[in-house]
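To keep things clear, I will list the structure first and then write my remarks on it.
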Protein chains: 2
Amino acid sequence: MDIFTTMQEERGRLSQSENRIADIVLNDFEFAVNASIVELAAKADVSPPTVTRFCRRLGCESFSDFKVQLARTAYVGMRYFKPESKSIAPADVAQDIITKAQNALFLLHRGLDISAIEQASNRLAGAEMIYAFGSGGNSSMIASELQNRLFRLGLRVTASSDHSMQLMMAAAAKPTDVLIGSSLSGRNAELVRAFMLAREAKVPTIALTQSQSPVALAAEVTVSVDLPEGNNIYRPTSTRIAYLAVVDILASLVAYRIQPQATVTLRRIKQQLVTHRDGDDRQLLGD
Amino acid sequence: MDIFTTMQEERGRLSQSENRIADIVLNDFEFAVNASIVELAAKADVSPPTVTRFCRRLGCESFSDFKVQLARTAYVGMRYFKPESKSIAPADVAQDIITKAQNALFLLHRGLDISAIEQASNRLAGAEMIYAFGSGGNSSMIASELQNRLFRLGLRVTASSDHSMQLMMAAAAKPTDVLIGSSLSGRNAELVRAFMLAREAKVPTIALTQSQSPVALAAEVTVSVDLPEGNNIYRPTSTRIAYLAVVDILASLVAYRIQPQATVTLRRIKQQLVTHRDGDDRQLLGD
DNA sequence: GAATCCTGCAAATTATTTTCTTGATACGTT
DNA sequence: AACGTATCAAGAAAATAATTTGCAGGATTC
């Protein structure tokens, strides 16, 4: 658990002196991470021992341990608790977006249910045919990404972002197949219906979505991704990066699971691409 | 500049004692970041003052400053200089992928040419029609992502991953249009040809690609993304996350540039999606 | 052989933590 | 309601630990 979260959670239980310290740390991270205990104490108008106690309360060994913990999560977590910068200077916008993306990955990692991921990859690896569903800009990208990654491993897979097709495919699927669907909100009713149909036909179903959402509940295995989406309407993107990472993890696990077969297929595709380019082998799969 | 890079660069100029310290820090980061100067000195079999001198040489104020710097880049940079873990345990695979993705974002940010990004977004914002090109799994995704993001801002945009179409479109484009193309390797010869055609017709061209590559050289404005792609053939993904972030930044800047218009269009699309769902406004654009 | 640089020792300084004490607040008892 | 007790916060001072500086011996290089 990271120190920022701990600080937020403990906030209520802290004494007023400790709260002053927390304030300073949260608001002027740069200062806090470089300051000595005396400087920090002075700025918070408390005594050094109080700072030590504050660190201990937060679960750190010592003040320097606290600083390390702080610096450690800072790069990713720093902006998470701060209001989004209002600046529209290109450099700030860039930094903002990148930090958010890193945050999303950070939070994804923290909340990742490894056993669900493992189950999902096992089913995918054993499927005779895989149907990857998702609609709208984001989830349809995830679906085609799944197709993209899995066909290279020698698996049979098709992606669809078309609700009618999804329903028909779900109805046509067999128990030896797997249906995997993605929905950022978890409230894609048509996807839920496709899952229902599949489950009636005993087709294994996997959802990539928010936990406890309708989509999550409709699927047999749910790899849940719970991230707070920023509320700037221009930027609904960072969550998707987390989804992409999930796909990446899934595909990698599937690859390791069916290794011999995958290596061969991959090599063949790569060969084809390379010779078609300029004979330079540096080029990796799928420009 | 981060401490890991500095350490790598200074490596040759360090004395043997200092090299021993660097070795320990690089190989056992966890230890280094938690150790006191005495412990670290003992492990490297040098005296504490040598450690202090080592830190100074690396441009740090003091040992504790060094530790903070270390902890700071660590979360992202730690694994970058370490051989990739060989473990295929799901938790390790997940961590590996996420760390790599964060690294990619980190390196992207470090190498980002803000003025190029700004130029690119200005052109996009002023275009009468935008052609977004890219082929293969990754770049075609980037192209459609561009379409996805830009049409919401009320811009006219089409994406194509088909080389023949790309050539025809490039030939048909007008000087008031913009052609934007992506290529991870920078060696997509057909995309180069499309750029050439466009430039002949005085159509502004933007490339998202590796700097100094054929594609980069063919375009008028290049937003360069230079990342070392890991060499595990199963995972060519992290670079793409960086590309997505670039698209995100571009789209955001364009949005800010044409704000009034964009807000209206966005709201309309959103309205449409929301009413079509379950009336819950929490749902953000483009599931 | 001189100069430079590395390196450790010991002392000095600085930082951090512990201990002890005071003051405040809350709670229970009369 | 008033008093006493318990509990906790917080600082002062002392103790400890960590870090840095100055210096000198030794190695290496030119």
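Only the coordinates and a few stated rules stand behind these numbers; no lab work does. Given the structure is predicted, the values throughout are model-derived calculations rather than measurements. With ideal geometry, Cβ positions are generated from the backbone for all residues, glycine too; neighbour counts draw on all protein chains shown.
Summary table
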| quantity | calculated |
| --- | --- |
| Shape box of the range A:89-136 [Cα atoms, principal axes, largest first, Å] | 51, 26, 14 |
| Rg/Rh for the range A:114-257, where both radii come from Cα atoms and Rh is the Kirkwood radius | 0.94 |
| Peptide B:104-114, shielding by other chains (average Cβ, 10 Å cutoff) | 4 |
| Rounded Å value of the spacing that divides the Cα centres of the range B:238-252 and the range B:96-120 | 8 |
| Label point 7 Å beyond Cα along the C-beta direction, distances from A:LEU217 to other copies (nm, shortest first) | 6.0 |
| Using a 7 Å Cα-to-Cβ projection, B:ALA42 label spacings across copies, nm, ascending | 3.3 |
| The range A:238-248 - phi-based ³J(HN,Hα) in whole Hz, Karplus 6.51/-1.76/1.60, Gly and Pro as x | 5, 4, 5, 4, 5, 4, 4, 4, 4, 4, 4 |
| Inter-chain Cβ neighbour average for residues B:237-246, partner chain, 10 Å | 5 |
| Peptides ranked, highest mean first, by Cβ atoms within 10 Å: ranges B:153-161, A:40-48 | B:153-161, A:40-48 |
| Nearest-to-axis residue of chain A, judged by beta-carbon position, where the axis maps A onto B, in Å | A:ALA71, 2 |
| Coordinate range along principal axes, alpha carbons of the range B:3-81, Å, largest first | 30, 26, 22 |
| Average beta carbon contacts from partner chains per residue of B:251-258, 10 Å cutoff | 4 |
| Per-copy distances of the A:GLY111 label point, shortest first, in nm (7 angstrom along Cα→Cβ) | 3.2 |
